[in-house]
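Colleague: Dropping a structure here in C-alpha cells format, bear with me for questions.
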Amino acid sequence: MREVRRWGLFNTSAFRMSMGYTLLVTLAVCVTLGSTYLLTQSIIQGDVDLILDTELRSLENQYVRSGIPGVTDEINLRIDSWGRIGAVYMLADPKFERLAGNVTNWPFDGEPAEPWPEFRIESIEPGQSSVHPVRAAVRKLPNGDWLLVGTDMSQDRRYVRTFQIATLWGIGLSILAAGIAGFSFSFRLARRVGHVTDTCVRIMSGEQGHRLPVIGTSDEFDALAASVNRVLDRLEEQTRTLRATFDSVAHDLRAPLHRLRTRMDAVLRLPALEPGIREPVESSLREVDRLQRTLATLLQIALAESGAPLASPAPVNLGELADELVELFEPVARERGLTLTGRADHGVIVEGNRQLLAQLITNLLENALKYVPSGGRIDVAVKRLAGHAHLVISDDGPGMPAEERQRAGQPFARVGQRSGLEGSGLGLSLVSAIARLHRARLTLESNDPGLRAVVTLPLSAAQAPSPASLSRSMSA
Amino acid sequence: MAGALGRAEPGSSASNHSAVHSRSVHILLIEDDTEAARVLVTGLRESGYTVDHAADGREGLSRALAGKLDLIVTDRMLPHMDGLAIIQQLRRARLTTPVLVLSALGTVDDRIRGLKAGGDDYLTKPFAFAELLARIEALLRRSPSAAAESTVLRVADLEFDLLARKVTRAGEQIELTAREQKLLEFLMRREGQVVTRTMLLEGVWDLHFDPQSNLVDVHISRLRQAIDRGAERPLIHTVRGSGYVLREEEE
C-alpha cells in the first residue's frame with residue numbers, strides 16, 4: 001500500500017489513463033481547429049487572387065483595345081475605389097518609374113519573384129495615415145511597361161488573426177477541460193480503488209470484520225465491492241473453522257498430556273517415595289515436558305503456516321525488544337564464553353505480536369548459543385533500511401552449508417540439526433513461520449565465517465515515511 | 001514450567017500456608033476432565049486448601065455466584081458454558097474473586113482473550129502442580145495487600161527505595177542494573193512466596209513462552225551475587241522443583 005501511496009494520485013493507472021485521454025483530445029482539437037484555420041486562410045487568399053487576376057486581365061484587354069492611354073484612363077477611373085474596397089493600381093515604365101496609379105513608388109526591387117508578391121503601403125488620407133498589407137499581381141505589358149494590381153489585405157488579415165486567437169483559445173480551453181475532467185475522474189477512481197486497498201490492508205493486519213463499502217450506485221465498483229465482500233465472508237468463515245479445528249486438535253493433544261503429567265506429579269508427592277521409583281518418574285516427567293515443548297512449537301508452526309492471519313496485531317518496538325532480549329541472554333552467553341552485543345535502533349516499530357517476535361529473536365539467539373563455540377561473538381542489530389525493518393543476528397560460529405540455509409525458510413524443514421548436538425531442529429522452522437505470519441522474510445546468509453540471519457519486516461503504518469502521509473492527506 | 005518437577009516439600013510448604021492464612025482458604029475448581037480434576041483436588045487439599053469441584057460450566061457459574069470463595073480455578077473449554085463466559089458473568093455481577101484460567105489451547109491470543117475477559121492469570125496445560133500452587137499463592141496474596149503501596153520495600157536488612165531506585169543491604173549500597181532492580185522488586189513484593197521461573201519470565205521480562213536456556217537461573221545467580229555475597233543469612237533461596245523464594249530464614 002505504501003508503494004502506491006508514495007506517489008499518490010500521479011501513480012495511479014486511472015491518472016495515467018486520463019492523462020492519455022487528455023492528450024488524445026488535445027491532439028484531435030488541434031488537428032480540427034488547425035485544419036479549419038488553414039482551409040479558411042487559403043479560401044480567403046484564393047478569392048483575393050481570383051479578383052486580382054480578373055483585374056489584371058481586364059486592364060490587359062484595355063491595353064489591347066486602346067494602348068497605354070486606355071490603360072491610364074482606366075486606372076485613373078478606378079483609383080477612387082481605394083477608399084471603398086482598398087484597390088491598388090500602378091502603371092510603370094520599364095525602369096519601374098510611375099506612369100499612373102495610386103501608388104507613389106514601385107514597391108519591389110525590380111520584378112518580384114513570387115506570383116503573388118506582398119508589400120506594405122502607407123495610406124495618406126486626410127487626418128490619418130496607416131500602413132496596410134497589400135497582396136499584388138504584376139504583369140509586363142507587351143511594350144515593356146509594368147502593370148501592378150493589388151488589394152488591401154488588412155480586413156482579411158484581421159479576420160485571420162481573430163480566427164487564430166479563437167483557435168488558440170479553443171485548444172487551450174479544451175486541454176484545460178480535458179485535464180480537469182481527467183484529474184477528477186482519476187481522483188474519484190483512485191479514491192474508490194483506495195477504499196478497496198485500505199480495506200484489504202486492514203483485513204491483512206487483523207481487522208477481519210472489515211468490509212468494502214457498497215455505496216448503492218449499482219455501478220461496477222459496487223459490483224466489485226459486493227463480490228470482494230463475499231470472498232472475505234468466505235475467508236473469515238474458513239479462518240473461523242480453521243481456528244476451531246486447530247483449538248480442538250490442540251485440546252485433544254494437550255488434555256491427555258496434562259492427565260499424564262498431573263498423575264506423575266501426584267506420584268512424586270507421595271510421602272516416603274523410594275528412590276527406585278522417584279528417579280524413573282522424574283526422568284519420565286522431564287520427557288513429558290520436552291514432548292510438551294515440541295508439541296507447543298509444532299502447534300505454533302502449524303497455526304502460523306495454516307494461513308490464518310495474525311490475531312490482534314499491535315505496534316511493537318522491535319529495537320527495544322531486541323535490546324531487552326540481548327540483556328536477558330547476555331549473562332548466559334558470557335557463562336558460555338561468548339560475547340553477545342546489541343545495536344538496536346529504538347525507532348524501529350513494526351506491526352505484530354510482541355510474544356511471537358520475542359520468540360523469533362529468542363530462537364535465533366538460542367540457535368547461535370548452541371552452535372557458536374566458546375570465544376565466539378554474537379551480534380543483534382535492528383535498523384531501518386529502505387522502508388523496512390531489518391533484524392540481523394550474526395555470529396562467527398561454524399555457519400551452515402548453503403543448501404541447508406536455503407531450506408531453512410520452508411515449513412517443517414529440519415535444518416540446523418548438526419550432528420552430536422541435541423535439539424529438535426524445529427527452532428528455525430518456527431522462526432520462519434513467525435516471520436511469514438508477520439509478512440516478513442527470513443534469509444540465512446554466510447557471515448564469512450559464521451551465520452547471519454536477516455529478518456526483513458514491513459514497518460508499522462504508524463511510522464510511515466513523510467511522502468506517504470503527504471499523499472494520504474491528498475487523497476483523503 | 002520447564003523442568004519443574006513439582007516435588008512438594010510438605011514440611012516447609014505446609015508451615016508456609018498456615019502462617020499466611022488464618023482461616024481455611026476456599027477454592028473452586030471448574031474442570032470437566034474428572035481424572036485430572038480428582039488429582040488436582042487431592043493435591044490442593046494436601047496443600048491445606050478447602051476445594052470444591054464443579055464438572056461443567058453452568059454448575060461452575062452457579063457455585064461461583066453462590067459461595068464465598070477466595071479463588072476460582074477454571075478450565076477454558078467446558079461443556080455448557082465456556083470458562084471465559086463464566087468470568088464475564090462473574091465480573092458483570094461485580095464479583096472480584098481472583099480467577100486463574102487453565103487452558104489447553106495455549107496460543108498467544110488465547111492468553112490475551114483470557115486476561116481480557118477478566119481472568120487474573122493464565123496457565124497452559126499441561127503444567128507442573130508446583131506452578132499451579134505458586135500462582136494460586138500469588139493470586140491469594142495479591143488481593144488484600146494490593147492497596148498498601150509502599151515506596152520502600154524491606155526484607156530483613158535489605159532495603160529497596162523505589163523512588164530513589166536505591167538498594168541497600170545492612171546500610172551498604174548495592175549497585176544493580178535496571179533489570180536486576182526489577183527482578184529484586186518482583187521478589188521482594190512476594191516475600192516468602194515461591195516464585196517460579198515462568199512467573200519471573202512473565203513478570204520481569206514480559207515473556208510468555210519457555211526459552212530453552214536457563215536464563216532465569218543465571219539472572220538469579222547474578223542477583224544473588226550482588227545481594228547475598230558475604231552475607232551471614234542469604235535471602236534468596238532455591239525451592240527445588242519450583243523456583244525461588246526471597247525470605248529471611250529463622251535458624
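Colleague: Of A:297, A:245, A:241, A:262, which residue is in contact with a helix residue (DSSP H, G or I) (Cβ under 6 Å, 6 or more places away or on another chain) and without any contact (Cβ under 8 Å) to a residue 24 or more places away in the chain?
Modeller: Numbers: A:297 fails: without any contact (Cβ under 8 Å) to a residue 24 or more places away in the chain; A:245 fails: in contact with a helix residue (DSSP H, G or I) (Cβ under 6 Å, 6 or more places away or on another chain); A:241 fails: in contact with a helix residue (DSSP H, G or I) (Cβ under 6 Å, 6 or more places away or on another chain).
Result of the check over A:297, A:245, A:241, A:262: A:262.
Yes or no, residue by residue, for (1) of a type in the set (Gly, Ala, Ser); (2) at pLDDT 90 or above; (3) surrounded by fewer than 21 Cβ atoms within 10 Å (Cβ to Cβ):
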{"position": "B:105", "(1), (2), (3)": "no, no, no"}
{"position": "B:108", "(1), (2), (3)": "no, no, yes"}
{"position": "B:113", "(1), (2), (3)": "no, no, yes"}
{"position": "B:116", "(1), (2), (3)": "no, no, yes"}
{"position": "B:130", "(1), (2), (3)": "yes, yes, no"}
{"position": "B:136", "(1), (2), (3)": "no, yes, no"}
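Colleague: Pick from segment A:140-186 the residues that are of a type in the set (D, E, K, R) and outside any helix (DSSP H, G or I): which of them is farthest from the chain's Cα centre (by Cα)? I'd like the intermediate steps shown before the answer.
Modeller: Within segment A:140-186, the first condition is being of a type in the set (D, E, K, R), and the residues that meet it are A:140, A:145, A:152, A:156-158, A:161.
Cutting the leftovers down to outside any helix (DSSP H, G or I) gives us A:140, A:145, A:152.
Numbers: A:140: 70, A:145: 75, A:152: 58 Å.
Per the stated criteria, the residue is A:145.
Colleague: Just one of the numbered conditions (1) over 20 Å from the mean Cα position of the chain (by Cα); (2) within 14 Å of another protein chain (Cβ to nearest Cβ); (3) touching a residue at least 60 places away in the same chain (Cβ under 8 Å) is not true of residue B:213; which one?
Modeller: It is condition (3) that residue B:213 fails.
Colleague: From A:298, A:325, A:321, A:291, which residue is over 37 Å from the mean Cα position of the chain (by Cα), closer than 24 Å to residue B:211 by Cβ and outside the structural domain of residue A:243 (by TED's automatic domain parsing)?
Modeller: Values: A:298 fails: outside the structural domain of residue A:243 (by TED's automatic domain parsing); A:321 fails: over 37 Å from the mean Cα position of the chain (by Cα); A:291 fails: outside the structural domain of residue A:243 (by TED's automatic domain parsing).
Unique residue meeting the criteria: A:325.
Colleague: Would you pick out the residues in segment A:296-319 that are assigned to a helix (DSSP H, G or I), within 11 Å of chain B (Cβ to nearest Cβ) and either surrounded by fewer than 17 Cβ atoms within 10 Å (Cβ to Cβ) or in contact with a His (Cβ under 8 Å, 6 or more places away or on another chain) (or both)?
Modeller: Residues of segment A:296-319 assigned to a helix (DSSP H, G or I): A:296-305, A:318-319.
Restricting the remaining residues to those that are within 11 Å of chain B (Cβ to nearest Cβ) gives A:296-297, A:299-300, A:302-304.
Across segment A:296-319, the qualifying residue is only A:302.
Colleague: Would you say residue B:40 is closer than 27 Å to residue A:264 by Cβ, crowded, with 20+ Cβ neighbours inside 10 Å and more than 10 Å from chain A (Cβ to nearest Cβ)? Spell out the reasoning first.
Modeller: Working: closer than 27 Å to residue A:264 by Cβ: yes; crowded, with 20+ Cβ neighbours inside 10 Å: yes; more than 10 Å from chain A (Cβ to nearest Cβ): no.
So residue B:40 does not fit the description; no.
Colleague: Evaluate segment A:242-256: report whether one residue or more is over 42 Å from the mean Cα position of the chain (by Cα) and more than 30 Å from residue A:361 (Cα to Cα).
Modeller: Within segment A:242-256, one or more residues are over 42 Å from the mean Cα position of the chain (by Cα) and more than 30 Å from residue A:361 (Cα to Cα).
Colleague: For residue A:231, only one of the following conditions fails: (1) touching a residue at least 12 places away in the same chain (Cβ under 8 Å); (2) more than 9 Å from chain B (Cβ to nearest Cβ). What is its number?
Modeller: In the conditions (1) touching a residue at least 12 places away in the same chain (Cβ under 8 Å); (2) more than 9 Å from chain B (Cβ to nearest Cβ), residue A:231 misses (1) alone.
Colleague: Is it true that residue A:361 is of a type in the set (Val, Ile, Thr), buried (at least 19 other Cβ atoms within 10 Å of the Cβ), within 14 Å of chain B (Cβ to nearest Cβ) and outside any helix (DSSP H, G or I)? If you could, list the steps in order and put the result at the bottom.
Modeller: On the way: of a type in the set (Val, Ile, Thr): yes; buried (at least 19 other Cβ atoms within 10 Å of the Cβ): yes; within 14 Å of chain B (Cβ to nearest Cβ): yes; outside any helix (DSSP H, G or I): no.
Taking the combined requirement at face value, the residue does not satisfy it.
Colleague: Quick check on residue B:73: is it buried (at least 16 other Cβ atoms within 10 Å of the Cβ), at pLDDT 90 or above, closer than 15 Å to residue B:98 by Cα and touching an Asp or Glu at 6+ places or on another chain (Cβ under 7 Å)? Don't jump to the end; show me each part of the working.
Modeller: On the way: buried (at least 16 other Cβ atoms within 10 Å of the Cβ): yes; at pLDDT 90 or above: yes; closer than 15 Å to residue B:98 by Cα: yes; touching an Asp or Glu at 6+ places or on another chain (Cβ under 7 Å): no.
Considered against the rule, which asks whether it is buried (at least 16 other Cβ atoms within 10 Å of the Cβ), at pLDDT 90 or above, closer than 15 Å to residue B:98 by Cα and touching an Asp or Glu at 6+ places or on another chain (Cβ under 7 Å), residue B:73 comes out as no.
Colleague: Now for a different question. Being surrounded by fewer than 23 Cβ atoms within 10 Å (Cβ to Cβ) and either in a loop (DSSP other than H, G, I, E, B) or in contact with a strand residue (DSSP E or B) (Cβ under 6 Å, 6 or more places away or on another chain) (or both) is the filter here; which residues of segment B:55-70 pass it?
Modeller: Of everything in segment B:55-70, those that are surrounded by fewer than 23 Cβ atoms within 10 Å (Cβ to Cβ) and either in a loop (DSSP other than H, G, I, E, B) or in contact with a strand residue (DSSP E or B) (Cβ under 6 Å, 6 or more places away or on another chain) (or both) turn out to be B:55, B:56, B:63, B:67, B:68, B:69, B:70.
Colleague: Let me ask another. Would you mention how many residues in segment B:84-138 are among the hydroxyl-bearing types (Ser, Thr, Tyr) and more than 9 Å from chain A (Cβ to nearest Cβ)? Write out each step before concluding.
Modeller: Going residue by residue through segment B:84-138, those that are among the hydroxyl-bearing types (Ser, Thr, Tyr) are B:96-97, B:103, B:107, B:122, B:124.
Still in the running and more than 9 Å from chain A (Cβ to nearest Cβ): B:96-97, B:122.
Counting residues in segment B:84-138 that are among the hydroxyl-bearing types (Ser, Thr, Tyr) and more than 9 Å from chain A (Cβ to nearest Cβ) gives 3.
Colleague: Look through segment A:339-358, keep the residues that are free of Cβ contacts under 8 Å to residues at least 40 places away in the same chain and not in a strand (DSSP E or B), and return whichever of them is nearest to residue A:326 (Cα to Cα).
Modeller: A:358
Colleague: Pick from B:177, B:196, B:168: which is over 19 Å from residue A:361 (Cβ atoms), among the hydroxyl-bearing types (Ser, Thr, Tyr) and either assigned by TED's automatic domain parsing to the domain that holds residue B:141 or in contact (Cβ under 8 Å) with a residue 24 or more places away in the chain (or both)?
Modeller: Criteria check complete, one pass: B:196.
Colleague: Only helices (runs of 4 or more DSSP H) wholly contained in segment A:367-476 count here; list those with 1 or more residues that are under 30 Å from residue A:12 (Cα atoms), at pLDDT below 85 and out of contact with any Gly (no Cβ under 6 Å at 6 or more places or on another chain). Walk me through how you get there before you give the answer.
Modeller: Details: elements: A:402-407, A:427-437, A:466-475.
Fully inside segment A:367-476 and qualifying: A:466-475.
Colleague: Spot the failing condition for residue A:236; the list is (1) more than 9 Å from chain B (Cβ to nearest Cβ); (2) loosely packed, with under 12 Cβ neighbours inside 10 Å, and only one is missed.
Modeller: (2)
Colleague: Give me a count of the residues in segment A:275-307 that are farther than 18 Å from residue A:355 by Cβ and touching a Ser or Thr at 6+ places or on another chain (Cβ under 7 Å).
Modeller: 1
Colleague: Which residue out of A:262, A:241 is at the interface with chain B (Cβ under 8 Å from one of its Cβ atoms) and of a type in the set (S, T, N, Q)? Walk me through it before giving the result.
Modeller: On the way: A:241 fails: at the interface with chain B (Cβ under 8 Å from one of its Cβ atoms).
The conditions single out A:262.
The values are calculated or read from the model by the stated rules, or taken from the named source; none is laboratory data. Just so you know, these numbers come straight off a predicted model, no measurement behind them. All Cβ positions, glycine included, derive from the backbone under ideal geometry; neighbour counts span all protein chains shown.
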